[in-house]
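Undergrad: After the structure tokens below, expect a handful of questions from me.
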Amino acid sequence: MDAIFKSIGEAIGGVVSNPTVALVVRIVAAYAVAVWLAAALWVFVDMRRRTANPMLPYAAAAAVVIASPVLFPFAVFVHRVIRPPSTVADRRLAELRDAALGAELDLPRCPTCRIVVDEDWLICPACRSSLGHRCDHCERTVGLDWDVCAWCGSTLGGSEPRSLVRS
């Protein structure tokens, strides 16, 4: 049995002592280290884009570095599973988009055709629906269903201003 182990050891020693094989082993090891460190850099940059916390990118990159060149694929896989699904920029863009859509919802619209109209318009330019009328006293635009002008207090249809404060 010792003879078999001795012959296997001599064969491996002969292959490893060959300068070409030693050079290939060193190149493969250097490549593995370069990929390991590049993976740590990728994890760092990826976490910087996905979180506003300044410490998480360093912690994630450190986890890949600590995982060693042998286990770094597992560390990168764990990072891919637990990282935030969207970047900070994507979340900010979604917030801006939602705010813009919310602001658009607050704009006045024609009750008939639903296009955006100006509050001072009397007629919708698209469907010609009546949007309001002018107060005879102050000449401001008032709603169709208003009985009293909100700006001057006059009764709509009459020219006498009416006080809204009760005595």
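Undergrad: Just to make sure I understand: if all protein chains stay in place, what is the order of Thr112, Thr141 by accessible area at 1.4 Å, largest first?
TA: Accessible-area ranking of Thr112, Thr141, largest first: Thr112, Thr141.
Undergrad: Residues of the range 92-127 with amide nitrogen under 17 Å from the 7 Å Cα-to-Cβ point of Ser86?
TA: So the set is 92-103.
Undergrad: Just need the relative contact order of the chain here, percent rounded to a whole number, with Cα pairs under 8 Å and 6+ apart.
TA: Computed value for the chain: 10 percent relative contact order.
Undergrad: Rounded to whole Å and sorted largest first, what semi-axes of the equivalent ellipsoid does the C-alpha gyration tensor of the range 12-88 yield via the square root of 5 times each eigenvalue?
TA: 35, 10, 9
Undergrad: What trypsin sites (Lys or Arg not before Pro) in the range 48-145 are in a loop by DSSP, with at most 11 other Cβ atoms within 10 Å of the Cβ?
TA: Here the trypsin sites (Lys or Arg not before Pro) that fit, given the DSSP loop and packing criteria, are Arg114, Arg128.
Undergrad: Let me check something: with ligands and nucleic acids excluded, how do Ile123, Ile66, Ile115 order by accessible area (1.4 Å probe), largest to smallest?
TA: My answer, sorted largest first, is Ile66, Ile123, Ile115.
Undergrad: Give me the net charge for the shell around Pro108: Cβ to Cβ below 14 angstrom, other residues only, Lys and Arg +1, Asp and Glu -1.
TA: My count for the surroundings of Pro108 gives -3.
Undergrad: Which net charge results when you count Lys and Arg as +1 and Asp and Glu as -1 among the other residues whose beta-carbon is under 15 Å from that of Asp120?
TA: 0
The values are calculated or read from the model by the stated rules, or taken from the named source; none is laboratory data. The model shown is predicted, which means the values in this text are computed figures rather than measured ones. Quick reminder, even Gly has a Cβ in these numbers, built from the backbone with ideal geometry, and neighbours come from all protein chains shown. Ligands, DNA and RNA are stripped out before the accessible areas are found, and what is left, the full protein with its side chains, is counted by its heavy atoms. Shrake-Rupley method; radii C 1.70, N 1.55, O 1.52, S 1.80 Å.
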